[in-house]
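The values are calculated or read from the model by the stated rules, or taken from the named source; none is laboratory data. Values in this document were obtained by computation on a predicted structure and should not be read as measured data. Counting neighbours? That spans all protein chains shown, and the Cβs are built from the backbone with ideal geometry, glycine included. The area values use the complete protein model at the heavy-atom level, side chains included, leaving out ligands, DNA and RNA. Shrake-Rupley method; radii C 1.70, N 1.55, O 1.52, S 1.80 Å.
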Amino acid sequence: SHLYKNIEATLATYFRLDLGIIPELAQFEHILYTDTDVFFRKDVNYFTQPVLPDSIMMGFEERDVYPLNAGVFFASMKFLRETHAELISTFANSLNVNDEKYGPGDQGLLNRMYERQLEANGPLDNALNTKPYKYFHDDAVIVHFHGPKIQDYVKYARDGSCRFKDLCVRGFQNGFCNYLRELQLFLDFSELQTVRKQDIEIARHKCERSGYFGIWS
């Protein structure tokens, strides 16, 4: 799995397991966690997710089926605190970091540990975990670059290669171009190491030629 190619990045994802016991977060009743590969299109407010969970909610993965994706989750801090010791114990007694039924790494662990609560609460609103390779979602609040990152999409636009090729293709056929049109206004290329301004222009031209979204203004 691409998720295990960098040991530091793999270990870093397990930070999610300790959110319930971080002292600085103890003052809050709920937490909305996101990975770093997300784009906030709109303000997140109570009306985005009107049901405040008494446990945890996560969104769908590539397909709208269980197990769920932990890239964005909404949880009760009290619940995370009270179940933390059991969560870590379950992890410590796991024989493998990849759970064949529930998925990879800490995401698989969260799905296994909280399966009952996740199914009872239902999935997180898609607006809070929208994927660029799915249909453009005008009401999307958080766009999650699940799978292909921006650099993967621009590489595909440049030379046709992509480590998630099917998803890159679907991205250009679906929502990616519209989200990129918005996102490019906020990119600081002086801080980016893997995406250059000319790369975005190449992706933009591919979007213009695709016929799906017309010509950008």
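Things to note:
- Between helix 77-92 and the chain: long-axis angle, C-alpha atoms, 0 to 90°, nearest 10: 90 degrees
- All lysines inside 29 Å of Lys78 as judged from Cα atoms, apart from same-chain residues fewer than 8 positions distant: Lys42, Lys101
- Length added when fully stretched, Glu24-Thr36, from 0.36 nm per residue minus Cα-Cα: 2.4 nm
- Placing pseudo-labels 7 Å out from each Cα toward the beta carbon at Leu3 and Asp43 gives an inter-label distance of 3.5 nm.
- Counting only DSSP beta bridges with both residues in the chain, the antiparallel share comes to about 95 percent.
- Dipole-positive endmost among Tyr4, Val97, Tyr114 within the chain (Cβ charges, Cα centre): Tyr4
- Region 48-185 - accessible surface per residue (Å², probe 1.4 Å): 45 Å²
- Relative contact order for region 20-153, counting Cα pairs under 8 Å that sit 6 or more residues apart, in percent: 31 percent
- Taking a sphere under 11 Å around the Cβ of Asp35 and counting the other residues whose Cβ falls inside, with K and R at +1 and D and E at -1, yields a net charge of +1.
- ³J(HN,Hα), Karplus 6.51/-1.76/1.60, whole Hz, each residue of region 169-177, x for Gly, Pro: 4, 5, x, 5, 7, 10, x, 3, 4
- Here the chain exposes an accessible surface that is 53 percent carbon and sulfur, computed with a 1.4 Å probe and the other protein chains kept in place.
- Lysines with Cα under 20 Å of Lys197, excluding same-chain neighbours fewer than 8 positions away: Lys149, Lys155, Lys206
- Extended-chain gain in nm, criterion 0.36 nm per residue less alpha-carbon gap, Gln184 and Gln151: 10.6 nm
- Applying 1/(1 + (r/R0)^6) with r as the Cβ-Cβ distance of Tyr14 and Asp64 and R0 = 25 angstrom yields a FRET efficiency of 0.40.
- Using a probe of 1.4 Å on the protein chains alone, the accessible area found for Met57 is around 10 Å².
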